[in-house]
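Heads up, the thing below is written out as structure tokens.
The values are calculated or read from the model by the stated rules, or taken from the named source; none is laboratory data. As the structure is a computational prediction, the values presented were derived from the model and not from experiment. Glycine gets a Cβ as well: all are built from the backbone with ideal geometry, and neighbour counts include every protein chain shown. Accessible surface is based on the protein model in full, side chains and every heavy atom, while ligands, DNA and RNA are left aside. Shrake-Rupley method; radii C 1.70, N 1.55, O 1.52, S 1.80 Å.
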Amino acid sequence: MPKVTVLMPVYNAMPFLPMAIESILAQSLLAFELLIVDDGSTDGTCAYLESLHDYRIRVLRRTHEGLGATLNAGLGLCNTEYIARMDGDDVMHPRRLEVQLEYLIQNPHVCMVGSQVEFLVRAPTGLVARVPTEHNEIVERLLAKKNGICHPALMMRSTVVRRIGGYRIAGTGEDLDFCLRMCEAGQAANLAGVYHYYRLLPSSASFGRGREILVGYAYAIESAKRRRNGSPEPNFESFRARWGQRNIIRKLVDALEDWAICEYRLGIIDRAEGRPARGYFRLLSAAAAQPHWCIWHLRRLAKDWINGANRSTATASPNPE
């Protein structure tokens, strides 16, 4: 019997879905199942899923309700001890499931483990979104809305996922609230190596799309602070209504944050697609708009670029005799 279920929600995931699924089926770990939950796709996703004939794959189709609701529907069908998350446009390292499962078995106090994540555009970019490996720093980053753990790169203990009640936000922005509550139920960790490739797309970096994510993140942090203080948590829908009534200054600040995130992602895409001048202009624009958020990322990008250049130089140099 498989110990791991790979839970993959999909919505209009073509043309990247085949590459994602192929990376899962090519895992070094053999005992797993892949549960694909189609959230009412209207492109070629359904036809592609119908063409798959692998005994490890199960497909659930449902009407479109949003990411969090889709994940909860999938959780209800997971009967394994461990659940690994995966998105329909990302790519797994061939040993990701094996290494994460081994880590969780050897560290019973850890309830979820992620990894370092490399950005993927047409191909892996060499730019790694570095995340901390230790629990306390992961929580600190999450509470600051910084890069603490990558949700689609996680493997989790199913008992803990059920104990916290799964996802509370039906749409997007569900990940931060889920991860913070998991961190309260057990320890979190990230592997030091890159085992997940996260795809950046212009469609996912469009201005305005991030507003739902921002309200979800604001709710997650407000709820976490209240739990720490022993205060009752707000209802999500009432919080959303109150968030929509914030003053004009707060709305402008949030809009600027949304724009800066989009510019940052588009800058990475431009660099990867051979438009370095425009890419660096976007990154600088994002840094100017959100210096407290972007400077940390730019430092990481510069460090990764320098390390990559050093590795390339070392590889190109002849070995001394």
Close pairs (9 angstrom Cβ cut-off, 6 or more residues apart or separate chains): closer than 19 Å to residue 275 by Cα in segment 118-132, open to solvent by less than 20 Å² (accessible area, probe 1.4 Å) and hydroxyl-bearing (Ser, Thr, Tyr) anywhere: none
Given the conditions (1) open to solvent by 50 Å² or more (accessible area, probe 1.4 Å); (2) in contact with a strand residue (DSSP E or B) (Cβ under 7 Å, 6 or more places away or on another chain); (3) at pLDDT below 95, which single one is not true for residue 30? (2)
Tell me yes or no: at least one residue of segment 51-71 is open to solvent by 10 Å² or more (accessible area, probe 1.4 Å) and part of a helix (DSSP H, G or I). yes
In segment 257-292, anything open to solvent by less than 40 Å² (accessible area, probe 1.4 Å) and over 14 Å from residue 125 (Cβ atoms) is listed as 257, 258, 260, 262, 263, 285, 286, 287, 289, 290
Verdict on residue 8 being modelled with pLDDT of 95 or more and surrounded by fewer than 22 Cβ atoms within 10 Å (Cβ to Cβ): no
Unmet criterion (only one of (1) at pLDDT below 95; (2) within 23 Å of residue 215 (Cβ to Cβ)) for residue 130: (2)
